[in-house]
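Below is one structure, written out as C-alpha cells, with a few remarks after it.
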Ligand SMILES: [Zn+2]
C-alpha cells in the first residue's frame, strides 16, 4: 500500500485494493479514504514507536522535554520536536525510503488542498498565534475562520479561555479581526524602521556610542596587558631569589606562598584578557546607514511577498506581546524597545540609554 502510494496511486485505489483483498479495520469495517490517510502518516509502520504526536490531555502538554501547563483544550497536533521516538520498537513493515516518499506525497497533496483544511492546518495561517493575548483574562487568543452566507471567509482571533467555557474569568465574547491587526503590525514595524533609517541624530548617537565602546575595549586591553607584564616581572624576580637560597629559608620568608599568590593572580588577569578579546566582535562604526537600509529593504520584501512563516518570524523579532482590550476596543502592541538597534548594529551591542 505504501509502495503504491509512493508511486502515485490515488488513495481511492488503495481503498479499493484493501477492501477487495478482504482486509478490514481494527473495528471490522471497510477502509475509507479517511481511515487510510492517517495510516500513511503513521511512523509505526517503519517500526518506530512515536508518542506525543497528538495530545488530548486536559491540563498539560509535553514540550521541550518538560510537562507544561496548557490553557486550551481539545485534540492538539504536537510539534515534531516534541515527539518521543523509539526506533525499531517492532519489525518494520515499510522501509524508510518508501515511508519518506509517501510523506512527501502527503505534504504535496495537503498543500494543494490547503484551503479545504480546517482546524489546526488553518491555524498556521495566523501570524500572531502565541503572541496575542486577552486583555480581560490573560488567556491566549487563537485564530478562527468564519464563512458568511455568501461564502466570504474572514479570519478572527478569539479568546481561547472564553471559548473553552471559562465565562467566569472571561465573560464577554469578542473577536479581533485578524487581517486588520496583522496588517497594522507589519506597518508599525516598517514605519519604525523607516524612522530609524531617516533619523540622522540617531545615527550620530549610535556612531558615537560605538566609538566610545571601541575605545573602552582598547583601554581595558591595554591595562590588562600591562598588569600581566608586571606580574611576569615579579614572578621572574621571585624565581631568581628562590634559586639562590635554601628551601627552608625561602619557606620561612613566605616566598613559596608569594609565588602561589602571584601565579593565581596571573591566571585571573589572563582570563579577564581572554574575555575582553572574546567580546571584541563590536560592529564597525562606519556602515550603520547601509545596514539600516538593507534591513528596511528586506523587511519591505517580506511584507510584500514573504511566506507566512517568514512574516511570522519577522513579527516575532520585533513584537513582544499583543493584548486585545475588548472594552476599549483597542489592541495594544508591545515592541522590543532595543531590538531594532541590536539587529542593525549587530551582536553584542547594547545602547547605554533606552529611547531607541
Ligand atoms: Zn479572555
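No lab work stands behind these numbers, since they all come straight from the coordinates. Everything numeric in this text was worked out from a predicted model, so none of it was measured. We place every Cβ from the backbone using ideal geometry, glycine too, and count neighbours over all the protein chains shown.
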- In Å, the Kirkwood hydrodynamic radius from C-alpha pairs for region 123-188 sits at 12.5
- So between residue 13 and residue 300, what do we pick up on full extension, going 0.36 nm a residue minus the alpha carbon distance? 98.7 nm
- Query: Once label points are set 7 Å from the Cα along Cα→Cβ at both residue 203 and residue 172, what is their separation, rounded to one decimal in nm?
  - Reply: 4.6
- Which order results if 126, 156 are arranged by neighbouring Cβ count within 10 Å, fewest first? 156, 126
- Query: Pulled fully out, how much extra length does the chain show between residue 44 and residue 293, if you take 0.36 nm times their separation in residues and subtract their Cα-Cα distance?
  - Reply: 84.6 nm
- Task: Grab the beta carbon distance between residue 226 and residue 187, set R0 = 56 Å, and tell me the FRET efficiency rounded to 0.05.
- Result: 0.55
- Message: From zero outward in steps of 5 Å, how is the percent of C-alpha pairs of region 183-342 spread across the bins?
- Response: 1, 7, 11, 11, 10, 9, 8, 7, 6, 6, 5, 5, 4, 4, 3, 1, 1, 0
- Note on the structure: Between the modelled labels at residue 179 and residue 107 (7 Å from Cα along Cα→Cβ) the distance in nm is 3.0
- Does anything in region 216-234 have its amide N under 19 Å from the 7 Å Cα→Cβ label point of residue 277, and if so which residues? 216-233
